[in-house]
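All remarks here apply to the structure that follows.
Read-outs throughout are calculated quantities, based only on the coordinates presented, and are distinct from any laboratory measurement. This is a predicted model, so every value here is computed, not measured. Ideal geometry is used to build each Cβ from the backbone, glycine not excepted, and the neighbour counts take in all protein chains shown.
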């Protein structure tokens, strides 16, 4: 499920990570989780009809607006 950018050297990432103290490794892990969740949210496409029932139009929606009747 996780794919790395083709030009990113994974070994280099592992090397850098291995030199970090444990508390910073935890921060890196949290940041990676954040990036993954952000990426998943950006890739979610709404399904057709998913907004059905969220909006209610009044029965008089198409009626002329009283305030602009005199603008003709």
Each label point is 7 Å from the Cα along the Cα-to-Cβ direction; what then is the distance between the points at residue 26 and residue 10, in nm?
2.7
Can you give me the distance in nm between label points at residue 56 and residue 39, each placed 7 Å from the Cα along the Cα-to-Cβ direction?
4.3
Burial-style ranking of 43-52, 20-29, average other-beta-carbon count within 10 Å with highest first, yields 20-29, 43-52
Listing 66, 30 from the residue with the fewest other Cβ atoms within 10 Å to the one with the most, what is the order?
66, 30
